[in-house]
C-alpha cells in the first residue's frame, strides 16, 4: 500500500467488520458533557455512558452538592462507526471523537461494564462519607473554612466530632454532617 493510500484510509478501513459497533471515547466541549450525553441519548442506535461524581463543596452558607463528570470533558458512546461517525462527531456538545491519526481506538465492553457496575444505575458516585481520621473543612457558621480532624462519627444523630485548632489550642467540637466537607474533593 502506498503512502497516499495509507493517509486516505477511513475509520471503516481501520478495523475489521466485527468491531464496527463499539464503545468510543468522545471529547466534549468544556463542561458540556451532560449536554452532549443528552443529545446523543436521543439518537437512534447510540448508547451513551457519562460517568459522574457528586460531592459536597463548602460555602459560607453551608455545604452545597456539586455534580461533575468523572472524566472532565470526556464521555463514552457505543455506536456503529461506519454509519454513525458523522452524526456523533457533529452532535451538540461534542468537540471530537478521540483518535490517533487514522487509528480510532475502542474501549472494551468489559471496561465500560465494570465502570457501570461500580457507579450503579444512575451512573453517579456519591462522595459523602466521612470516617474517623479524615480531614474535613467546616462549611458555614462561625468556624467556616477551618480545617479539622474527624475523631468520631455519630451516625444516629447525623453528627461528627472533630478536633480542631482554635485560639491556639486543640478543641473537640460536635458538628452536623451537613456542615463538614471532606478535604481534597472537587476542582
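Taken together, the values in this text are just the output of simple stated rules run on the coordinates, not laboratory data. These numbers were taken from a predicted model, which means no experiment stands behind them. Please note: Cβ atoms are built from the backbone with ideal geometry, for glycine as well, and neighbour counts cover all protein chains shown.
Remarks
- Average Cα contact separation per residue, the range 135-182, under 8 Å, 6 or more apart, as relative contact order %: 35
- Extension gain (nm, one decimal) between residue 167 and residue 151, 0.36 nm per residue minus Cα-Cα: 3.8 nm
- Ranked by the mean number of other Cβ atoms within 10 Å of their residues, highest first, the peptides 101-107, 118-124, 165-171 fall in the order 101-107, 118-124, 165-171.
- The orientation-averaged projection of the convex hull spanning the C-alpha atoms of the chain amounts to 14.8 square nanometres.
- The relative contact order of the chain comes to 23 percent, based on Cα pairs under 8 Å that sit 6 or more residues apart.
- Here the alpha carbons of the range 100-187 define both size measures, Rg and Dmax, at 19.4, 63 Å.
- Separation of the residue 95 and residue 112 label points, Cα + 7 Å toward Cβ, nm: 2.3
- Antiparallel DSSP beta bridges within the chain, percent to nearest 5: 90
- Computed log₁₀ I(q)/I(0) - Debye formula, equal Cα scatterers, no solvent, the range 135-182, q 0.13, 0.27 Å⁻¹: -0.24, -1.01
- The calculated FRET efficiency for residue 59 paired with residue 174, based on their beta-carbon distance and R0 = 22 Å, is about 0.55.
- The angle between the Cα long axis of helix 109-119 and the main principal axis of the chain comes to about 20°, on a 0 to 90 degree scale.
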